[in-house]
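Here is the structure we will look at, set down as structure tokens.
The values are calculated or read from the model by the stated rules, or taken from the named source; none is laboratory data. Every value quoted in this text rests on a predicted model; they were computed, and no experiment measured them. When we count neighbours, we look across all protein chains shown, and the Cβ atoms used for this are built from the backbone with ideal geometry, even at glycine.
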């Protein structure tokens, strides 16, 4: 089907990107051969930083051309004799925002647009100002059309302001790719037979959410313990993929039974080396890191190293977390005690 417009534009803070925004962008994609997305905010809003907004837009709308503007980007573009540009404050008048967007189109995005898509009545004035700015550069520029989408918010009765007040309570308006950014990830570490897997399951049940199992153990069992060096990186990568897949389906928290840091330990222990990519994965940050003390009765299930090994592993975690400057919660005692301690920490924030 022929498209009505060559190039369309959607502008927003996308803080956060919600289903109302998505509807507007999809309407633009239906009508335009090319869709340009511009996002900026001054000041930035907590939890919706530029890198996150870029990730959301890229994940959900990979075929669009995206420009998530930051002050650093603008400063880096200023050349000799150029007038510095600043991102308009969120409370600036409409004209400042419209002219800024026109400038971005002309100077950053290669030219004018033929249509702008919004869910606001102000879009008519926006289109007129874009037309004026584009015709200053090229008198023959086509008048910009405004496509108004669901102005009354009947289809998508939500706003970024409402969402920011209670992201978790309003999560139905967020795609999983977006909601995942607001889920706190808790990494649970521990030597063999220290109860970390049991704790991950128990915490997920207590807080009515999900946990991510230890992929390395599953692969070890599948291969009968015959792991090779290349398996180490594959384990780390798959562990991260499983976390990312689960985060959008979780509820406030995601409990991660181990992390690539554990895989790094086993790579160094088994093969005396580690792939550079695995070392990079092991730098992965978590909101909370929990270390299980080796005070559980040791259970030899036929797959584990001797009991002395878990003490060696525990000592490695303590040293490595300290070396990396990663604060951690050391949990001791029975499972119920550990669950109560971590639950209290998480829910009291």
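Annotations
- Scan of the range 182-197 for residues that are under 26 Å from residue 58 (Cα atoms) and surrounded by fewer than 20 Cβ atoms within 10 Å (Cβ to Cβ), ordered by number: 182, 184
- Enumeration of residues in the range 42-72 that are in a loop (DSSP other than H, G, I, E, B) and surrounded by 14 or more Cβ atoms within 10 Å (Cβ to Cβ): 42, 44, 45, 48, 49, 61, 64, 69, 70
- Residues of the range 313-335 classified as farther than 18 Å from residue 259 by Cα and touching a residue at least 24 places away in the same chain (Cβ under 8 Å), total: 3
- Residue ranges of helices (runs of 4 or more DSSP H) in the range 109-212 with at least 3 members touching a residue at least 60 places away in the same chain (Cβ under 8 Å) and outside the structural domain of residue 30 (by TED's automatic domain parsing): 176-179, 196-206
- Residues that are part of a helix (DSSP H, G or I) and within 29 Å of residue 29 (Cβ to Cβ) were ranked within the range 73-93; the one that is nearest to the chain's Cα centre (by Cα) is 73.
- Of all residues in the range 6-20, those being within 18 Å of the chain's Cα centre (by Cα) and part of a helix (DSSP H, G or I) number 1.
- Matching residues, the range 198-218, being under 19 Å from residue 284 (Cβ atoms), modelled with pLDDT under 95 and surrounded by fewer than 18 Cβ atoms within 10 Å (Cβ to Cβ): 217
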